[in-house]
Structures are given as structure tokens and as C-alpha cells.
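The values are calculated or read from the model by the stated rules, or taken from the named source; none is laboratory data. Just so you know, these numbers come straight off a predicted model, no measurement behind them. Calculation scope for accessible area: heavy atoms of the full protein, side chains included, ligands and nucleic acids excluded. Shrake-Rupley method; radii C 1.70, N 1.55, O 1.52, S 1.80 Å.
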Amino acid sequence: MSFPTLSPGSDLRVNSDGSLQSRMDTFPKCSVCHQEFTLKGPVPYLLPCLHAVCEKCVTSAAGGVISCSTCQREVNLTDTSLQKDAVRQKEIFYLTVKQRPTELLCTYEDDGNQAVCWCQECEEFLCQYSQNMHSSVKLFRNHAVHKFGDITHKNLENETNCSIHERYPLDLFDKNCDMCICCQCRRGEHGDHEVDYLDEAAERVTQRIEQHGKDLSALLSRQQTHLQSIRQETQLINRTQDTLRKTIEHTFRSLRSHLDQREKELLIDLESQTRETKATLHAFETSREEHHARCTDISGYIRKCLLYASKSVLLQLENTVEGMTRTCLETASPETHDVPEAVFNTNGLSKLKSDMSGFGNITTLKEDSEGGTPEDKQTQTDDDYLADLEQKHEMMLAEKDQTCQVALETINRLQTSLIGFQTEGCVHLLKKRVVDRRMVLNCLHLKYDKDRVNLAEVHINTEGDLVNIGSGTRPAGERRLKKYWGTCSTAPIPRAGCLQYWEMKSRVSVDETLRVYTLILEVGVCREEQRDVCPWLGGSPGSYSMTVSHCPTHGGICRRTRKEGKYVLCLPDTLPNTAGTSHTLHYGVVYDDARKKIVFIDVKENKVISTVDNVDSSQPLWPMFGVYNEPGLTVSMTLVVGSDINMTEEKKAMIVKALSRWWQ
């Protein structure tokens, strides 16, 4: 069926961002370029997934492969022949007639007048004048002419004649050839084929397709019920979460209240016990000072006697001096005093810490039904449950009288060390039983900055990987990188006073032997103004990076570390330079802002690649990621961040060892 010409201008409106958009949004669109189909535009073709693609995208498909953006299925045009989508063609025609009739012009005489009706047999749009002329011709007098308001989906049906026997309609269906034929074709080369009437064959197909529609409707109904059930479960989970959050907050407020009360009690008890001891010691001190004063006076008088007294006077004073001396010696107080010393008994502190770390349990009803702690089962009201918790912990605190204060101080130190700490990713303590902010490792939740990717050389694919192939589409943007072959993170590294960590997993395929100086990938950090100075960070001041590249020194592929544009270290034999091989490289980066230190590690080999000291962090540092578009090389880099990082004890020990001289 041929279609009429549209008027030159369509009814468009301006969006808030200044772009133009069609007045109607009900027209089908191409699943590749997302352009709306029009009568005069590219013809729609039907994909195997039943989505439509325009003729323009079919003819310009890169590599002969079309990727449907609606369902993500790919179609190889060398193996699949696409047919025109007759269903959507009629849909476009019908929607245009019903919703945009003012765009339709008369095609009978091509006089440019506004069309008002449609001749089904002639497949022509007619203006009022052409309609009168058309009806006056005897040959066309019995044609079905429909006004736009009277056109239905059935009006679009039009019997077509055989392309070979033009006077005969296609009223038969050849099952062997899977095609429509006329009665003359039946007498010819289709004579020995299994043939059925077209109406009957179409009716059977209609019934089967209707059954498919019913089956899908039933499936959609079940899916809708399932989705509704999931939404209800989500709402229930949200309500349960809110309830449990309030319960947890109430419980720990109560615990903190008890700890505060116990602290006050212990301080009062300490004051009471030490008051009597200090009074006794004060009495001892006063008595000793008085006795010391008497002895000092007598000793002074004895020295004067020896200095000034005559012999006769000495004889007279002997008995008196002897008596006073004896009195001082006999009344001397002991040199030591048995005074009880107050101590703070911390026995059971480890047990209390263990009890506190294991206190509370978030379980599901399923877990409870399969066997849980009777005390944790939800068989009580909230008030009774909280009351029981408070009573149990009052007993626990009473048994741990002399350890609660130390436990509270330990908890407070741990909490203080983490105040202001970014917890978006995942937090790990590198050394057990060491409450030190320098022992805290934060696995950052980094993201590629898609708005800064250098699309001329690389792009981010649908899986979120950074790939060393330029993008076919390059949207403009002042912020986009133009020199660096990669991208940066969406934000600089936070300066939280603790260790920051992230990982990259890269898949490298060597399609042909790499030549000297070929760059493969790069990870590192740099200052903001150095992010787009050149294709790689290695030569830039204010940058610290580790590059995997072909090394002229060792004649192979090496890992080369650079600091502020200067060479630091080269580790050879990173991977073989052999055509047709593929490898997975997994690296991690540790940033220690407190000690101005960066560590590059090989996660697969579980060893430190290089440690860079004296990092200039006077300005914020941005993580950078580069993959290089070199001949014979395919590279894709995936970020491994946050809780996706597998932080093993072995990996922790490796990081601690790399930074150990700072912690000794």
C-alpha cells in the first residue's frame, strides 16, 4: 500500500530545555535511534523480538548487527532477513488520519489542498473538489470512499491483486510455498501444492494469534498479581524496619542510661571509700609534723649547748637533754602505714565486650520458625519485650559492676574514632583490638564520571565498564575530558583521616604482538587541574600512577609506577606479549592521607606492587582510570568498590605490612 504526502510542517511544541517534541506521543518509535515513525519517514522493519527499527538504522547498522535498546537483543543482519512491519505501517497511517488530519494533503490531483477523505481502492487522499471529480467518473463510482472521522481499523483492509495475474485477486494460500496466490497461479506452478482459501487460512491464524494473546494476558495477570505481592511485601518490610529501628534505639538508649547511672554510682562509691582513707592519712600527717617539730627544736637546742655551754652547765643539762631525747625516740611513729588502696576491678571485661557485641539479633520470621533463641522470638508485646530486655540487662550490669565503666570508655573511644567517617562503602578494622582511626580502612564507593569520559577514545558500555573504544555518539559538554584517554571519579578522595581503598578489575585481550611504548591501562590519582593535561598521568606534576604498558627497558609488558612525573619502579613480566591471549588484571589502591602515602597492590598475586611516599595532598586528589585505544588491544576496566570488595585477612595483613613502618 502506498501512502500520501504529509504537509511540510508538523504541529510541534517547545520543551523547557528548548528541544522540539511532537504533539502526540502515541506514535511508535524506532528501537535503535528512538525517532518517531511518520508516513513520509523511513519505513519500519520488524525485528525478531517484535520491536520495530527504521530503514535508516537497518542500512547504517555497524558491522551488520542491530542492537534493540528496548530488550537488549542483538540481530545479525547477515543471518536474518528483516521484513517490513506492515502492522506498524497501518498503525502509523491510522494514527495520522485520526490525530493529525491537518497534515494530510490531497494526492489525487496533487493540488496541495487539504484532504478530507480516503479512497480505499485507489489508496488516495481526496480533497473536497477531488472527491466530487472522483465520484463523477464511472470507473470510480463504486469505490469505497471514507471520511476521516468514519475510518476504522477494518477500513484499512484492501484486497490486493496478484502481481503476476494482475486482474485476479489473491484469494488462496499455498501452504507449501507459504504465500498468497490467485486462482491462475493455482492452475500453474502451484497446481500440485496444498492450497487453502485465504479467508479460511487467515481465520485459523487469527484464532491461534488470539490464543497467544489470551495466554500472554493470563501471564500478565499473574505477573501483576506477583508484582502487587512484592510491593505489599516491600511495604511490610518498610513498616517492620521502622518498628525495629525504634525498638533498637529505645533499647540502646536504655542501655546507655544504665551505663551512665552505673558510672555515677561507682564515682560516688569511690568518693565514699577514699574519704575515710584520706582523713586517716591526714591525721598521720599532722601527728608526724608535730613530732617532727618537737624533735627539730630539741636537736637545735643540743647544737646550741655544744656551741655555747660551759663544762659546768653541760653537767647540769645532761639529764634534761637525755630525757627529752628519749621521749622523742620512744614516741616516734612508724615509717610505713597500712592504708588500703582503692582499685578498679576490670575482671570480666572481655566477657562483657563479647556479650555486648553479641547482644541483639535481627532475624526473619522464617529463621525464627526454623529454630531461634527463645528470648528473641516475637511472642510478646513490644512493651513486655522491652521490659524483659531492660530487666535482663540490669542483671547483667549488676554482675559487671566493676567493668561497666571501662566497657563504656572503650565503646566511646571506638565511636569517637569513627565520628565524621564516611560509611557509604564498607569499613574494616585492619588490626583487631586496636581502637585507632589509623587502623580503619574505608572501601570507597567510587563511580566513573560519565559526563567527563573522553568519548573520542573510550566509552562506558551498558555493563558500566570503561572500554578502550571511542563512542559513536559524542554529546558536547564543557566538562568532558578531551586529552586524557579515560575518565575520573565523580568526586575527589575524602580526607577523613583514615585509609581509603578501591579496586579495578581489567580484562585485556592481546590480538597482536604489542609494539614498544604501547600503553594498556592506568590507575592513579592527581590534582584537579592535571586531569586533562595529556593522554596519561605519568608525565604530569601532582600525579601518582601505576601504568601497565610495553616497556622498552625489559622488552615486555611491565607495571611502571610514577610520582609527580618521575619514574619510581618497574616490575617486568606482568603478562605475556603473545598474540591471541587474554588476561584478567586485578589491582587495588590504598590512599593514606594522614601519612601522605599511596600503595598499589596486585590483588590476584596478593602482593604489593609499589609504595609512594611524601604524597602532596595539599589539594584534593581525584582517582583516574585510563584504557588505551591501541592497535591489536582490547581493554575493559570494571570498578570494584564498597561492599563488593572481598577484604580478606590476608589482604589486610598485606596492607598493614606495606604501611608497617608508620605504625611501629
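How much area per residue is accessible in the range 112-167 when the probe is 1.4 Å and only protein heavy atoms are counted (Å²)?
On the way: 3740 Å² over 56 residues.
Each residue of the range 112-167 exposes 67 Å² on average to a 1.4 Å probe.
Using only protein heavy atoms and a 1.4 Å probe, report how much of Lys214 is accessible, in Å² to the nearest 10.
Ignoring ligands and nucleic acids, Lys214 comes out at about 130 Å².
Just to be sure I understand: if I project the alpha-carbon convex hull of the range 473-625 onto a plane and average over all orientations, what area do I get in nm²?
The orientation-averaged projected area of the Cα hull of the range 473-625 comes to 9.7 nm².
Reported to two decimal places, what Rg/Rh ratio describes the range 525-595 when computed on Cα atoms with Rh from the Kirkwood expression?
Using Cα coordinates only, the ratio equals 1.02.
Between the alpha-carbon centers of the range 607-660 and the range 91-131, tell me the distance in whole angstrom.
With the range 607-660 and the range 91-131 each reduced to a Cα centre, they are spaced 66 Å.
Could you state the principal axis extents of the C-alpha atoms in the range 260-310, from the largest down, to the nearest angstrom?
That gives 74, 13, 6 Å along the principal axes, largest extent first.
With θ set to phi - 60°, apply the Karplus curve 6.51 cos²θ - 1.76 cosθ + 1.60 along the range 452-466 and write out the HN-Hα couplings as whole Hz, x wherever there is a Gly or Pro.
Whole-Hz 3J(HN,Hα) from phi for the range 452-466: 10, 4, 6, 5, 5, 10, 9, 7, 9, 7, 5, 7, x, 8, 7.
Residues of the range 527-591: accessible area per residue at 1.4 Å, in Å²?
39 Å²
Taking the alpha carbon gyration tensor of the range 162-251, what are the square roots of 5 times its eigenvalues, largest first, to the nearest whole Å?
64, 10, 9
To the nearest 10 square angstrom, how much accessible area does His258 have with a 1.4 angstrom probe?
50 Å²
At a 1.4 Å probe radius, which order do Ile230, Ile237 fall into by accessible area, largest first?
From most exposed to least exposed: Ile237, Ile230.
Sorted from largest to smallest, which semi-axis lengths in Å does the alpha carbon gyration tensor of the range 105-210 give for its equivalent ellipsoid, taking the root of 5 times each eigenvalue?
In descending order the semi-axes read 35, 17, 10 Å.
Per 10 Å bin, what percent of the C-alpha pairs of the range 595-664 does each bin hold, from zero upward?
Distribution as computed: 14, 37, 37, 11, 1 percent.
I need the per residue convex hull volume for the range 216-313, using only the alpha carbons, in cubic angstrom as a whole number.
Spread over its residues, the Cα hull of the range 216-313 gives 120 Å³ apiece.
Pop out the carbon and sulfur fraction of the accessible area of the range 496-655 as a percent, whole number, probe 1.4 Å.
The value for the range 496-655 is 48 percent carbon and sulfur by accessible area.
For Trp536, Trp622, Trp485, give me the order by solvent-accessible area with a 1.4 Å probe, most accessible first, ignoring ligands, DNA and RNA.
Trp536, Trp485, Trp622
Probe 1.4 Å, all protein chains in place: accessible area of Phe344 in Å², nearest 10?
Estimated to the nearest 10 Å², Phe344 gives 90 Å².
How do Glu189, Glu271, Glu478 stack up against each other in accessible area, from largest to smallest, with a 1.4 angstrom probe?
Output order, biggest surface exposure first: Glu478, Glu189, Glu271.
State the three equivalent ellipsoid semi-axes of the range 543-664, derived from the C-alpha gyration tensor as the square roots of 5 times its eigenvalues, in descending order and whole Å.
Numbers: eigenvalues 130, 62, 44 Å².
Semi-axis lengths for the range 543-664 are 25, 18, 15 Å.
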